[in-house]
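Asker: Please see the structure below; I have some questions.
No value in this document is a laboratory result; all are computed from the given coordinates. The structure displayed is predicted, hence computed values, not measured ones. Cβ coordinates were reconstructed from backbone atoms using ideal geometry, including for glycine residues, and neighbour counts include every protein chain displayed.
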Amino acid sequence: MIQFKGHHVKRVTSTQDRARRLAKQGALAGTYVMADVQSRGRGRLERSWSSPRGGIYATLILRPHLKPNGVSQLTYVAALAVAKGLKAFLKTTPKVKWPNDVLVNRKKIAGILTQVEMNAEVEFVLIGMGINVNRQRFPKSFLHPPTSLNLETSKDHDLKTVFNRVLKEFNLYYDLFQRKGFGAIQSEWEKYSMLTDQEVTVKDFDREIRGKYKGIDEKGGLMLETSEKKIVHVYAGDLICF
């Protein structure tokens, strides 16, 4: 199991950047950076992640023995950990949405950003987590409507308590992943997936793909059954209709 060691800072440009510097200096797996505020927080595809006080903004350093094409699988490990961790504070079960979001009542409460540093092999992996905890107001320019633990429960929550619960679940899922492989994570993902048997549309750069959700494959790709009954594997894009 991972032994966690935290670096808490009041303000940082990005926890990903700070964690990357620590990793390059030799920080052990389990080291994480957590900030009260990020001035330039970012999510997948370099999108800006609004990061004022009241949220969890953290990046965890891992040094897994993985091939480069297996690194994306850790996004699913982290998303499950966040979903199950937040479940302890909610009356409803959070859902995961391919590839890196956690939703409550169809509103986004958290996102995962996975980045890798490689030479010939994987040197380290950064798992960024942004979780809306005590925020009550959000800009209107979000791709998906946001929410927070506060908005869902009508009360504030201690950030450290929430994050410790997420780390506990991450340890369990990461151990499962290491012992039994990604197949075990795929099974857990389906328990929390909000897309099961739904018709969805994915915008993949300059094209749109529509089909019935059939799970995720061994590489973490989205599997869709088209109207022609063909299974299409999608590895990049945004769900724009679900």
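Asker: Treat the count of other C-beta atoms within 10 Å as a stand-in for reagent exposure and order K84, K108, K10, K191 from fewest to most.
Answerer: Neighbour counts put them in this order, fewest first: K10, K191, K108, K84.
Asker: At 222 nm, what helix-only mean residue ellipticity would the chain give, in deg cm²/dmol to the nearest 500, using -39500 (n - 2.57) for each DSSP H run of four or more?
Answerer: One gets -8000 deg cm²/dmol as the mean residue ellipticity at 222 nm.
Asker: Can you sort E225, E121 by how many other beta carbons sit within 10 Å, fewest first?
Answerer: E121, E225
Asker: I231: net charge of surrounding residues, Cβ under 13 Å, Lys/Arg +1, Asp/Glu -1, itself excluded?
Answerer: Result for the local shell: +1.
Asker: At a threshold of 8 angstrom on Cα-Cα distance, excluding pairs fewer than six apart, so keeping six or more, what relative contact order does segment 199-241 reach in percent?
Answerer: Computed value for segment 199-241: 39 percent relative contact order.
Asker: What whole number of Å gives the distance from the Cα centroid of segment 48-91 to the Cα centroid of segment 109-166?
Answerer: Rounded to whole Å, the Cα centres lie 7 Å apart.
Asker: Sum up the charges of everything whose Cβ sits under 15 Å from the Cβ of G30, counting Lys and Arg as +1 and Asp and Glu as -1, but leave G30 out.
Answerer: +1
Asker: On the Cα set of segment 199-241, report Rg and Dmax in Å, please.
Answerer: Final numbers for Rg and Dmax: 9.4, 25 Å.
Asker: In terms of modelled amide H atoms, which long-range or inter-chain residues lie less than 5 Å from the amide H of D36?
Answerer: Amide H neighbours of D36, under 5 Å, 5+ apart: V9, K10, R11.
Asker: Treating only the Cβ of Lys, Arg, Asp and Glu as charged (+1, +1, -1, -1), what charge dipole size does segment 118-242 show about its Cα centre? Round to the nearest 20 debye.
Answerer: Roughly 360 debye, rounded to the nearest 20.
Asker: Over the chain, what is the mean sequence separation of C-alpha contacts under 8 Å (at least six apart), divided by residue count, expressed as relative contact order in percent?
Answerer: Averaging sequence separation for qualifying contacts and normalising by length gives 16 percent for the chain.
Asker: Using unit Cβ charges (K, R positive; D, E negative) and no other charged atoms, how large, in debye to the nearest 20, is the dipole of the chain about its Cα centre?
Answerer: Using Cβ point charges on Lys, Arg, Asp and Glu, the chain gives about 740 debye.
Asker: Still on this model: Apply the a/c threshold of 1.5 to the C-alpha gyration tensor of the chain and tell me whether it is rounded, prolate or oblate.
Answerer: Taking the square roots of the gyration eigenvalues as a ≥ b ≥ c, the chain is oblate.
Asker: Rank the residues W98, W189 as a footprinting-exposure proxy: fewest other Cβ atoms within 10 Å of their Cβ go first.
Answerer: Least to most surrounded, the residues fall as W189, W98.
Asker: Out of the DSSP beta bridges found with both residues in the chain, what percent are antiparallel (nearest 5)?
Answerer: 85 percent
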